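So the structure is just underneath, and the comments pick up after that.
The values are calculated or read from the model by the stated rules, or taken from the named source; none is laboratory data. Since the structure is predicted, the reported quantities are computational estimates derived from the model, not experimental observations. Here the Cβ is made from the backbone with ideal geometry for all residues, glycine too, and neighbour counts use every protein chain on show. When the accessible area is computed, the model is the full protein with side chains, heavy atoms only, and any ligands, DNA or RNA have been set aside. Shrake-Rupley method; radii C 1.70, N 1.55, O 1.52, S 1.80 Å.
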Amino acid sequence: MTTIQATVEVQDLRKSFFDESRGEVRAVDGVSFSCRPGEVFGLLGANGAGKTTTLRVLSTVLRPTGGTASVMGHDVLAQPEAVRKNLGFYSASTALYPRLTGRETLEFFARINSYPPERVAGRVEALIDRFGIREYAGARVEKLSTGMKQKVSIARTIAHDPPVLIFDEPTVGLDVLNALEMAKMIRELGGEGKTILYSSHIMSEVEKLCDRIGIIHRGQLLALGTLESLREATGQHYLEDIFIHYVTRTEGSEGVGIGAMGELQEASPAGERPRGAR
Amino acid sequence: MNVKDIWILYTMELRCALRERAIVVYSILLPIFLYPVMLWVMFTAMTFIQGVTEGFTSRVALVGEPPEGHGALVDSLDATAGVELRRGVGEEEAVRLIQRGELDAVASFEDPEAAGQALAANFRILVLYDGSDGRSRMARDRLEEVVAGYRSHWMDQEAVARGVDEEARVLFLLAREDTSTKEDLGAMLLAMMISLFLIIMVAVGCFYPAVDTTAGERERSTWETLMTTSASRASVVTAKYLYVATMGVAAGLLNVAAIFLSMGAILAPIMGDAGEISFRIPPLAIPVMMAGAVGLALLLSAGMMILASFARTFKDGQAMIQPVYVVAVLIPLFLGQQTDRTLTPEIALIPIANVAMMIRDAIGGVFLWPLILQTLLVNLVLVALCLWLARFILGFEDVLLGSFDGSFWRFAKARLGPRRAGKEPA
């Protein structure tokens with residue numbers, strides 16, 4: 001019997017910030033999960049739930065306050081460079097260098113992420129073909145349309161062929177067609193055996209894309225499982241209802257609703273710590 | 001820290017910079033073309049104004065009559081090219097005409113006794129003019145030149161008539177001779193200009209890249225992209241630092257070359273028609289200038305990057321650096337411009353001023369090696385201090401993420417005060 005080793009391991013992860021007006025803010029509060037190769041793992045939560053902070057800790061942009069996290073066996077605190085070498089990070093806040101061309105962008109990210117130098121040129125050309133960007137590979141990124149930039153951006157995320165990919169709210173600001181294109185690419189990458197961490201507050205995206213889903217709220221992971229297992233556990237069919245089920249259980253049934261874009265609308269006093277079962 | 005990563009990042013920064021119009025203009029084109037163009041425009045304008053001024057006719061009113069026997073003075077004035085005499089105007093009226101710009105000067109022959117002169121036979125010419133008007137000053141100069149020439153000629157005639165020979169009349173002569181060579185004169189001008197503009201240009205050369213590579217990176221949202229690459233933080237910061245310093249050194253040295261060439265090609269032909277000036281730099285001054293430029297660029301890059309690292313937008317970054325730039329660069333720079341002294345141990349302790357004076361001395365052929373060494377050491381110590389400070393500040397991850405609304409003071413209040421949550425080991 002063979003055991004599939006976890007590519008991402010997160011144990012009791014904590015991250016606090018000090019805010020002038022609110023004091024200590026626990027953005028991530030004891031989150032634990034692990035991911036396997038080829039799995040698309042979704043983190044579903046409202047804005048400010050702790051998704052981005054969790055992913056930033058995993059990508060070593062932030063240091064954890066407590067707990068552990070590792071990528072491909074490398075600890076985020078002890079071996080941050082090794083973690084990043086095995087990771088591709090894509091989010092709305094990871095833009096491209098506007099003054100580089102698409103080809104130069106791919107070459108730069110492959111080289112800086114330690115892709116074998118003798119294979120960089122071949123890898124870049126392969127990515128250009130794969131993403132269909134040959135026509136504008138020589139144009140500066142600042143001249144490209146949103147859709148073109150998105151393709152170059154995904155290509156640069158995987159330029160060094162990392163085993164783990166993080167997509168943090170990747171469809172923010174994209175139109176429907178570009179969002180669908182993005183989902184298609186992510187599905188393909190998952191099919192190639194890469195571990196994908198996907199965060200979103202858009203239920204339909206998570207429902208369609210993710211093999212397992214973690215529902216995160218106020219820095220805590222409220223539920224974790226496949227869509228089927230969550231359905232069984234809650235008795236709800238739609239992910240939106242499943243999400244509401246867990247969140248209201250945490251917050252108390254009154255005063256909590258979900259907006260059109262999945263943003264939590266709450267009546268509880270701002271800054272009050274969540275209580276109750278996880 | 002990985003040298004290969006630093007090189008990859010450094011070349012990427014340079015490539016991006018050379019495609020950014022503002023950086024190319026301020027760090028490369030401005031240093032190269034500013035001074036040739038400026039000098040050419042300045043001297044062309046001066047020559048033009050001088051030509052126009054010399055072409056003016058000086059309108060001079062004569063008030064009163066010269067004493068008997070001095071009618072030739074008026075004849076001389078009448079015969080002088082560029083002087084137009086007007087008669088029959090009263091002194092008060094003449095002054096009013098000068099004030100209205102309708103007259104340039106008045107030559108008033110004063111009654112010797114009324115003027116209270118000791119020698120009653122002598123006379124005085126009072127020249128009235130408007131000192132705030134260039135044309136009026138020129139009329140004054142023309143009048144004085146004619147009167148001085150007439151007096152000298154008159155005295156020669158009188159001496160001869162009284163039987164005094166020239167040897168007895170001219171007891172001694174005062175002569176002067178400039179012992180400086182044309183190279184010395186050129187070196188003085190070059191030292192003055194290069195020490196001033198090299199430093200300003202190094203600062204200007206560092207300014208845009210420092211803001212662009214920190215605040216600009218945040219504004220473009222490429223900062224987090226870079227933070228998620230496998231390069232270490234130290235490699236990223238080192239590459240950026242070297243890139244900013246390179247741009248500063250390039251701007252400074254290009255500027256020196258441009259000044260040197262433009263002084264030789266534009267200024268020398270204008271100023272040195274008679275071969276009075278020659279622009280040369282002692283060969284030993286070149287390494288001293290380069291060392292000064294490199295030390296200065298390292299210091300200014302570190303200082304500017306520290307300040308700009310708090311900013312979230314390019315505009316914030318500029319606003320943060322500019323006041324400090326004025327105080328920290330321009331004031332010491334002018335301290336270093338004292339032309340009556342060379343580098344001293346005290347001045348060698350003042351950053352910026354020390355480099356300015358070291359370069360000025362070197363161009364003038366003065367090499368005070370212990371003080372040059374002291375200057376370079378002071379710079380290195382300050383660079384080390386800045387780098388330590390940068391390392392300390394970047395240890396706060398919220399600085400990396402651009403918190404504190406781009407304000408150093410908010411950072412200092414939140415992070416260096418009693419409560420220091422969020423400080424993580426670097």
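Points to keep in mind about this one:
- Being open to solvent by less than 30 Å² (accessible area, probe 1.4 Å), more than 22 Å from residue B:3 (Cα to Cα) and among the β-branched types (Val, Ile, Thr) is a property that residue A:94 has.
- Per-region count, region A:109-125, residues within 23 Å of the chain's Cα centre (by Cα) and not hydroxyl-bearing (Ser, Thr, Tyr): 4
- Some residue of region B:335-355 being surrounded by fewer than 18 Cβ atoms within 10 Å (Cβ to Cβ), at pLDDT 85 or above and not in a loop (DSSP other than H, G, I, E, B): yes
- Region B:122-142 residues that are under 20 Å from residue B:82 (Cβ atoms) and open to solvent by less than 50 Å² (accessible area, probe 1.4 Å), paired with ones that are assigned to a loop (DSSP other than H, G, I, E, B) and among the aliphatic types (A, V, I, L, M) (beta carbon under 8 Å, 6 or more apart): none
- Test: residue in region A:51-61 that is assigned to a helix (DSSP H, G or I), under 22 Å from residue A:153 (Cβ atoms), facing another protein chain (nearest Cβ under 10 Å) and open to solvent by 10 Å² or more (accessible area, probe 1.4 Å): yes
- For residue A:85, the criteria (1) more than 7 Å from chain B (Cβ to nearest Cβ); (2) under 18 Å from the mean Cα position of the chain (by Cα); (3) surrounded by 18 or more Cβ atoms within 10 Å (Cβ to Cβ) hold in every case but one, which is (1).
- Selection status of residue B:373, open to solvent by 60 Å² or more (accessible area, probe 1.4 Å), under 30 Å from residue B:313 (Cα atoms) and either within 27 Å of the chain's Cα centre (by Cα) or at pLDDT 85 or above (or both): no
- For residue B:64, the conditions (1) in contact (Cβ under 8 Å) with a residue 40 or more places away in the chain; (2) open to solvent by 70 Å² or more (accessible area, probe 1.4 Å) are fulfilled apart from (2).
- Criterion (in contact with a Pro (Cβ under 9 Å, 6 or more places away or on another chain) and surrounded by 23 or more Cβ atoms within 10 Å (Cβ to Cβ)) met by exactly one of B:205, B:186: B:205
- Residue B:20 meets the conditions (1) within 30 Å of residue B:262 (Cα to Cα); (2) open to solvent by 70 Å² or more (accessible area, probe 1.4 Å); (3) touching a Lys or Arg at 6+ places or on another chain (Cβ under 8 Å); (4) acidic (Asp, Glu) in every case but one. The failed one is (2).
- Taking the criterion of being among the aliphatic types (A, V, I, L, M) and not in a helix (DSSP H, G or I), the only residue of region B:200-252 that qualifies is B:231.
- Condition met for residue B:161 (in contact with a helix residue (DSSP H, G or I) (Cβ under 6 Å, 6 or more places away or on another chain) and at pLDDT 80 or above): no
- Being outside any helix (DSSP H, G or I), modelled with pLDDT of 70 or more and not aliphatic (A, V, I, L, M) is a property that does not hold for residue B:392.
- Taken together, the criteria exclude residue A:38 from residues that are among the small types (Gly, Ala, Ser), part of a strand (DSSP E or B) and away from chain B (no Cβ under 14 Å).
- Residue selection: residue A:21 satisfies the criterion of being within 21 Å of residue B:399 (Cβ to Cβ) and either out of contact with any Asp or Glu (no Cβ under 9 Å at 6 or more places or on another chain) or more than 14 Å from chain B (Cβ to nearest Cβ) (or both).
- The residues listed here are B:215, B:245; of these, the one that is open to solvent by less than 20 Å² (accessible area, probe 1.4 Å) and touching a Leu at 6+ places or on another chain (Cβ under 7 Å) is B:245.
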